[in-house]
Structures are given as C-alpha cells and as structure tokens.
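Enquirer: Below is the structure I would like to discuss, written out as structure tokens.
The values are calculated or read from the model by the stated rules, or taken from the named source; none is laboratory data. Because the structure is a prediction, the values reported are computed rather than measured. All Cβ positions, glycine included, derive from the backbone under ideal geometry; neighbour counts span all protein chains shown. Surface accessibility is based on the protein's heavy atoms, side chains included, excluding ligands, DNA and RNA. Shrake-Rupley method; radii C 1.70, N 1.55, O 1.52, S 1.80 Å.
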Amino acid sequence: MSSYKWSSQTRLLDEVAQALRESIYAGQYAPGTILRQEHIAAEFGISRTPLREALRMLERDGLIIHLPGRGVRVASVDLPHLLDAYAVREVIDGVAARFAAERADATAIAGLEKLIMHQRSIIEPWDSKAYTQSNVDFHLAVMAAGGNVSLENFVPLLRMTSQVFAPAFALSAERAKNAIEEHSLIVEAIIRKDGVGAEDLARQHIRKTISSLQKMQNKNEQETSCGRE
C-alpha cells in the first residue's frame, strides 16, 4: 500500500481499521504477531495518532491486544476465549438463520445453494484454506439473506472465530464434510421458510464446533496435568 488520500478523519480511521482487519483475516498478521506501529504508519502514509485510534477499534473487536510495555500484537489463540466467542456465535447464527428463512429472496437462496456446491468441490482434493474462506462466505451469506442490519455488528466476531482462530485447530476434511452437510440442512430449512427449524439447525451446527473445542481443551488439560506428575 502506498500513501492514501483521505476525505475525512472518520473515513481515515474506518479505512485503516478495515485494511488491518483484512490483513489479519488473510493471515498476513498471524495470531501473536507484534504490530510495529512505525512500519504500519509508514505503509499507510499516516501519522501515529490516527493509527493508534484505528488499533483501538481492532482491540474492541478482539482482534488485537495491547500489552503495556510490550506493544500491540494480534490476539493469540486461546481456547477458553474461543469457547466464549462460539457461545455467542451459537445465538447469533441461530438468529441469522431464522431471519434468513423468514426473509430470504430467490437471489439470496440461489447464492446459498451455489456456496454449498462450491464447498463440496473443495473436499476432494482437500483445500483447508479454501474451505475456511468458503465457510466464512456461507455464514456471511446467511446473515445477509435475513436483511437484519443489526447482525452486521457481529461480522467481526464471525470472521475472528472462523477465519483467524479456529483454523489453528487442525481442521480436518472429515469435519469439513460433515459441516457442509449441516450447512445444506440449514439452507433446506431456509428454502422451506422454516424459521424455527433453521435456527435450531444453525445452533446445532455451532454446538458441534463447541463440542470439538471442548474435547481439545480437556485433552490439553490432561496433558498438562500428566506433565506435572
């Protein structure tokens, strides 16, 4: 990125924050990476003051953390934190699916069906990176299909969990295959305009991820306990 021309201070903050979000989502800044503010400021052609404000926006999203005396870094993968985030996702994804069932038009439904077909093409040969992106695209499309603008506030949470943190936990082709079938069932409920059914299926889908993470947490705790003995 070269020097930017900004029309207003608000636009400056929003665009810098969004560009940094996209860099984190794309894996250019991995979890735990220290963000060198002087380098980022030079890259954007801006001063440190607006950059600090943009970083505060990302901190509110949970994407970065500020460590006194140690600078700013991308938030690290933390299982308890991720489990808390997915507990919120369960509710939000359920609500999004219900609104989609009640409000989705033919174009939105066609888009969801196309995403399912694309996801199935990723399984063989297995492409974990492509699946991660397609998974985010699917959940964003369900949110958009419901036409509830209040759900847009939760997009950073969706992308943080599914795109930044969850991929660190060895996503398997087998789990992805099952997840795609779960996605398909959600879409079928949306097509039937079954709001209650779509919400229940979406919540079940997230609960399976939560269960998988909990098993991983228990395994880690057991290994830590054994190491102390």
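Enquirer: Using the Kyte-Doolittle scale, find the helices of the chain whose mean hydropathy is at least -0.5 and whose Cα atoms extend 30 Å or more along the helix's long axis, counting only whole DSSP H runs.
Expert: 79-103
Enquirer: How far apart, in nm, are the 7 Å Cα→Cβ label points at residue 192 and residue 204?
Expert: Those two pseudo-labels are separated by 1.0 nm.
Enquirer: For residue 77 and residue 36, FRET efficiency with R0 = 30 Å and r from the beta-carbon atoms, rounded to 0.05?
Expert: 0.90
Enquirer: Further question: What distance in nm separates the two pseudo spin-label positions at residue 173 and residue 214, each 7 Å out from Cα along the beta-carbon direction?
Expert: It is 3.0 nm.
Enquirer: Next question. Please go through the residue pairs 129/215; 193/219; 114/219; 114/193 and name each one whose alpha carbons sit more than 30 Å apart in this structure. Each step should come with its number before you reach the end.
Expert: Numbers: 129/215 23 Å; 193/219 40 Å; 114/219 37 Å; 114/193 18 Å.
Long pairs (Cα-Cα over 30 Å): 193/219; 114/219.
Enquirer: Here is a follow-up. Give the relative contact order (percent, whole number) for segment 12-70; include only Cα pairs under 8 Å separated by 6+ residues.
Expert: That works out to 42 percent.
Enquirer: Right, another one. What FRET efficiency would be calculated for the residue pair residue 107, residue 149, taking the C-beta separation as r and a Förster radius of 25 Å, to the nearest 0.05? Could you put the intermediate results ahead of the total?
Expert: On the way: r = 18 Å, r/R0 = 0.71.
FRET efficiency, residue 107 to residue 149: 0.90.
Enquirer: Using a probe radius of 1.4 Å on heavy atoms only, what accessible surface per residue do you get for segment 83-148? Whole Å² is fine.
Expert: That works out to 46 Å² for each residue.
Enquirer: Per residue, how much accessible area does segment 162-204 show when a 1.4 Å probe rolls over the protein heavy atoms, in square angstrom?
Expert: Each residue of segment 162-204 exposes 46 Å² on average to a 1.4 Å probe.
Enquirer: So, with +1 on the Cβ of K and R and -1 on the Cβ of D and E, and no other charges, what is the size of the charge dipole of segment 19-107 about its Cα centre, to the nearest 20 debye?
Expert: 340
Enquirer: For the chain, with the dipole built from +1 on Lys and Arg beta-carbon atoms and -1 on Asp and Glu ones, taken about the Cα centre, which of 110, 156, 142 lies farthest toward the positive end?
Expert: Of the candidates, 156 comes out farthest on the positive side.
Enquirer: Please list the non-local residues whose amide H lies under 5 Å from the amide H of residue 64, H modeled 1.01 Å from N, same-chain partners needing a gap of 5 or more.
Expert: It is 59, 75, by chain and number.
Enquirer: In square angstrom, rounded to the nearest 10, how much accessible surface does residue 66 have for a 1.4 Å probe?
Expert: Counting only protein heavy atoms, residue 66 exposes about 100 Å² to solvent.
Enquirer: While we're here: Skipping prolines and chain starts, which residues have an amide H placed within reach, meaning under 5 Å, of the one on residue 35, given they are 5 or more residues away or on another chain?
Expert: Residues meeting the criterion, in which the H sits 1.01 Å from N, are 72, 73, 74.
Enquirer: In whole percent, what relative contact order does segment 6-141 give with Cα contacts below 8 Å and a gap of six or more residues?
Expert: Computed over segment 6-141, the figure is 19 percent.
Enquirer: Moving to a separate point now. Order the following by accessible area, largest value first: 89, 48. Probe radius 1.4 Å; ligands, DNA and RNA are ignored.
Expert: Greatest to least solvent exposure: 48, 89.
Enquirer: Given Cα pairs under 8 Å that are at least 6 residues apart, what percent is the relative contact order of the chain?
Expert: Relative contact order for the chain comes out at 25 percent.
Enquirer: May I pose another question? Using a 1.4 Å probe on the protein chains only, how many percent of the accessible area of the chain belongs to carbon and sulfur?
Expert: Taking all protein chains in place, the chain shows 52 percent carbon and sulfur surface.
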